[in-house]
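Everything below concerns the one structure shown next.
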Amino acid sequence: MIDPEEQGRADLYGLLARLFYGPPDAALLRAIADTRIEGELAKPWGELSHAAAVADPEGLRDEYEGRFIGTGKAPVTLYTTAYTVRFSNEVPLADLRGEIVALGAARRAGVSEPEDHIAALCECMRFLIAVQKRPLDEQQRFFSRWIAPAFAPLCDAIDADSACAPDSDSVAPSSTTSAPCTRVLETLVLGVPRGMTIVACTPRRAA
């Protein structure tokens, strides 16, 4: 049986994966708004919860599609290697695929997205914690190698694009929630307060 603290971390990774995968529907917004967290994550979660309480699902869909899908090239990419590749001979996606296989995970049937999508990486963290129950140092290593280097520049790109639409009411990841989502993610690998409860949300596609 998984430790409650680890289950809480896994659930938060699952939620982040779901929010990066696609715009939240009304039911998910209500679940976020109705959930409370105490301790280290209380402030960033409170910001996210408030944003969810006042958000319009249709507006969020339009914003998500405009920012992360777009027509032609999306204004902001959610593929993390776009933020970490420095030289043309680097092949981080091949390395990531090899590591995912070594960890015992596999691409879901019908999924065509590359494994470096931030939602897929968050789902991998959920898998390592809740399914495989990997030691914290192994979780830390995967997080540090594949998520940490890309997440800050990704959020910077979201913030820069959000500056063009200052009146948007967004729940994640967007102008009002990239900062709280960042703070939530940064604390996850170190653990969260025991007794934390949150709705578990599994993304529909991931590595």
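With the condition kept exactly as written, say whether any residue in the stretch 154-171 is surrounded by 14 or more Cβ atoms within 10 Å (Cβ to Cβ), of a type outside the set (D, E, K, R) and at pLDDT 90 or above. No, the stretch 154-171 contains no residue that is surrounded by 14 or more Cβ atoms within 10 Å (Cβ to Cβ), of a type outside the set (D, E, K, R) and at pLDDT 90 or above. Taken over the stretch 17-38, the criterion of being of a type in the set (K, R), over 23 Å from A120 (Cβ atoms) and surrounded by 14 or more Cβ atoms within 10 Å (Cβ to Cβ) is satisfied by R30 alone.
The sole residue among G46, G14 that is in contact with a Lys or Arg (Cβ under 9 Å, 6 or more places away or on another chain), exposed (fewer than 15 other Cβ atoms within 10 Å of the Cβ) and part of a helix (DSSP H, G or I) is G46. For the stretch 76-103, a residue qualifies if it is surrounded by 16 or more Cβ atoms within 10 Å (Cβ to Cβ) and over 14 Å from E115 (Cβ atoms), and the qualifying residues are V76, T77, Y83. In the set (1) in contact (Cβ under 8 Å) with a residue 40 or more places away in the chain; (2) over 20 Å from A152 (Cβ atoms); (3) in a loop (DSSP other than H, G, I, E, B), the condition left unmet by E40 is number (2).
Among the conditions (1) modelled with pLDDT of 90 or more; (2) in a helix (DSSP H, G or I), K133 misses just one, which is (2).
Of the candidates L78, L96, L16, L60, the single residue that is touching a strand residue (DSSP E or B) at 6+ places or on another chain (Cβ under 8 Å), closer than 24 Å to A157 by Cβ and at pLDDT 85 or above is L78.
So, in the stretch 99-121, of the ones that are outside any helix (DSSP H, G or I) and among the hydrophobic types (A, V, I, L, M, F, W, C), which residue ends up modelled with the highest pLDDT? Per the criteria, the residue is L103. Restricting C124, C181 to those that are at pLDDT below 90 and assigned to a helix (DSSP H, G or I) reduces the list to C181.
The values are calculated or read from the model by the stated rules, or taken from the named source; none is laboratory data. Here the structure is a predicted model, which means the values were calculated and not measured. Cβ coordinates were reconstructed from backbone atoms using ideal geometry, including for glycine residues, and neighbour counts include every protein chain displayed.
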